[in-house]
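First comes the structure, then the notes that go with it.
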Amino acid sequence: MTRTIIDGGYIATVDAVGTEHSTGHVVIEDGRITAVAAGPAPAPLREGAEVVDATGCLITPGLINTHHHLYQWLTRGYAQDAILFDWLTALYPLWSQINARLTGIGAAGGMAVLARSGCTTVGDHHYIFPQGSGDIVGAIVEAGARIGVRLHATRGSMDLGASQGGLPPDFAVETTHAALRASAEAVERYHDPSFDSLVRVAIAPCSPFSVTADLLREAAVLARSLDVRLHTHASETVEEDAYCLERFGMTPTQYLESVGWLGSDVWMAHCVHLDDTAIERYAATGTGVAHCPSSNARLASGIAPVRDMLRAGVPVGLGVDGAASNESGQLGIEIREAVLMGRLRTGADSFSVRQGLSIATMGGARVLGRQDEIGSLEPGKLADIAVWRVDGVEHAGILDPVAALGLGAMPPLARLYVGGRAIVEESELVTAEEPILAEEVAAASRELAERL
Ligand SMILES: [Zn+2]
């Protein structure tokens with residue numbers, strides 16, 4: 001047995017009652033948390049253990065990213081001033097040039113930055129599979145293993161091209177049958193349902209305006225037969241609302257419910273434009289939401305009604321979204337964005353820093369269906385832990401360390417653990433050489449641009 005003790009930091013457990021210890025310790029044994037308590041670790045436990053001095057640090061659960069498009073790491077900085085539909089239309093041709101090798105490089109870059117911003121579990125939504133592009137989901141899984149994060153990959157899809165009334169050009173879409181077959185294959189090949197799984201796979205047709213109702217309906221049946229989750233984009237923009245009203249005579253929520261897409265095994269990205277009735281349907285069915293404040297601001301989509309969702313009992317997690325609409329890709333700063341945006345929408349007392357931390361951790365765990373495994377610091381859970389240094393010049397003097405994280409600059413990481421394995425130490429990724437990764441990303445981005 002290996003034992004690590006993180007000792008002497010401020011602990012925010014994010015358990016059901018929000019327990020915090022102004023000085024405490026966390027014990028990790030064989031990849032799981034075995035104790036979390038106030039004060040120093042008892043002497044017998046320290047014997048033979050690796051003791052990490054966390055004085056001056058804030059210890060939180062590892063952050064959980066519930067929505068990303070990792071391949072977009074290679075296409076940052078394009079269509080800088082566009083709204084969603086124009087931005088998508090500008091980028092589809094470039095995205096249609098990707099393949100498994102390029103995607104793997106972009107995914108490693110995106111996951112490296114996520115890890116360096118406190119993220120231990122990475123949700124990804126991949127939905128572009130050009131003909132002959134190889135095993136893209138496999139490349140993302142491999143990149144996850146390279147960086148050392150816990151991965152929720154999805155096999156996405158688009159089957160509604162422009163000639164059929166969809167937004168994407170015809171060359172960017174697959175047939176319904178091919179999308180379903182490949183989704184089943186990705187689950188069979190990579191999905192691991194075990195308790196401490198490092199790779200889970202969900203099925204994720206892209207959005208109401210890029211897939212057919214048949215694909216949505218059949219994907220839901222398929223996912224339920226394979227016992228995996230469902231993910232898509234929903235209610236992101238007013239243009240999407242208008243599209244659904246015109247094409248289906250329904251709001252996006254009514255449409256998605258009509259094809260079997262509300263449920264406790266479903267999570268949706270964005271949900272910026274949910275009205276009270278839609279929020280009630282999400283709450284009643286347990287449908288989760290990936291809140292992506294920076295991306296929603298970048299594309300001027302609006303501010304999601306997160307306070308109202310939380311009050312209604314909707315599971316809400318945090319996401320960076322794809323890097324082409326959030327060039328930062330850092331999950332740590334999204335806590336601050338969520339707090340600030342929440343206040344812009346509903347007032348200064350409507351969204352606390354602790355709510356921000358909660359949606360970034362336990363909220364994300366609920367959204368991904370892993371609330372028994374990750375999301376809080378409690379004995380029995382997996383040792384996915386962020387140790388933030390809050391005694392540097394950026395944060396020293398902020399008496400509340402959670403406010404230092406949620407309102408201050410994103411703190412550097414003393415450690416980031418995934419299943420008890422340190423993948424970041426003193427701000428440096430230990431699983432990959434960052435300068436080499438940066439060169440790979442730059443070369444792959446260039447290659448992709450030149451392919452067009
Ligand atoms: Zn997205």
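The values are calculated or read from the model by the stated rules, or taken from the named source; none is laboratory data. This structure is a prediction, so every number in the text was calculated from the model and none was measured. Ideal geometry is used to build each Cβ from the backbone, glycine not excepted, and the neighbour counts take in all protein chains shown. With ligands, DNA and RNA removed, areas are computed over all heavy atoms of the protein, side chains included. Shrake-Rupley method; radii C 1.70, N 1.55, O 1.52, S 1.80 Å.
Among the residues of segment 161-171, some residue qualifies, meaning at least one is within 16 Å of the ligand (Cβ to nearest atom) and either more than 16 Å from L88 (Cβ to Cβ) or buried (at least 22 other Cβ atoms within 10 Å of the Cβ) (or both).
Assessment of segment 325-334 against the conditions (outside any loop (DSSP other than H, G, I, E, B), within 16 Å of the ligand (Cβ to nearest atom) and of a type in the set (S, T, N, Q)) yields no matching residue. Among strands (runs of 3 or more DSSP E) entirely within segment 358-452, having at least 3 residues that are under 20 Å from R336 (Cβ atoms) and touching a strand residue (DSSP E or B) at 6+ places or on another chain (Cβ under 8 Å) singles out 385-389, 413-418.
Taking into account only those residues within segment 252-268 that are among the hydroxyl-bearing types (S, T, Y) and open to solvent by 50 Å² or more (accessible area, probe 1.4 Å), which is farthest from the chain's Cα centre (by Cα)? Quick ask: steps written out before the conclusion?
Step one: filter segment 252-268 for residues among the hydroxyl-bearing types (S, T, Y), giving 253, 255, 258, 264.
From what's left, open to solvent by 50 Å² or more (accessible area, probe 1.4 Å): 258, 264.
On the way: S258: 26, S264: 17 Å.
Among residues in segment 252-268 that are among the hydroxyl-bearing types (S, T, Y) and open to solvent by 50 Å² or more (accessible area, probe 1.4 Å), the one farthest from the chain's Cα centre (by Cα) is S258.
So which helices (runs of 4 or more DSSP H) stay within segment 99-214 end to end and still have 1 or more residues that are closer than 21 Å to N326 by Cα and β-branched (V, I, T)? If you could, list the steps in order and put the result at the bottom.
Working: elements: 100-115, 136-147, 176-190.
Because the criterion is at least 1 residues that are closer than 21 Å to N326 by Cα and β-branched (V, I, T), the helices (runs of 4 or more DSSP H) in segment 99-214 that meet it are 100-115, 136-147.
Right, G347: on the phi > 0 side of the Ramachandran plot, away from the ligand (no atom under 16 Å from the Cβ), touching a residue at least 60 places away in the same chain (Cβ under 8 Å) and open to solvent by 10 Å² or more (accessible area, probe 1.4 Å) or not? For G347, the condition - on the phi > 0 side of the Ramachandran plot, away from the ligand (no atom under 16 Å from the Cβ), touching a residue at least 60 places away in the same chain (Cβ under 8 Å) and open to solvent by 10 Å² or more (accessible area, probe 1.4 Å) - is not met.
Each row is one residue, and each column tells you yes or no for (1) touching a strand residue (DSSP E or B) at 6+ places or on another chain (Cβ under 7 Å); (2) surrounded by fewer than 22 Cβ atoms within 10 Å (Cβ to Cβ).
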{"residue": "A49", "(1), (2)": "yes, yes"}
{"residue": "T60", "(1), (2)": "yes, no"}
{"residue": "H68", "(1), (2)": "yes, no"}
{"residue": "W73", "(1), (2)": "no, no"}
{"residue": "F85", "(1), (2)": "no, yes"}
{"residue": "L91", "(1), (2)": "no, yes"}
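Taken together, V187, V201 contain a single residue that is assigned by TED's automatic domain parsing to the domain that holds H67, over 24 Å from H270 (Cα atoms), at pLDDT 95 or above and buried (at least 20 other Cβ atoms within 10 Å of the Cβ), which is V187.
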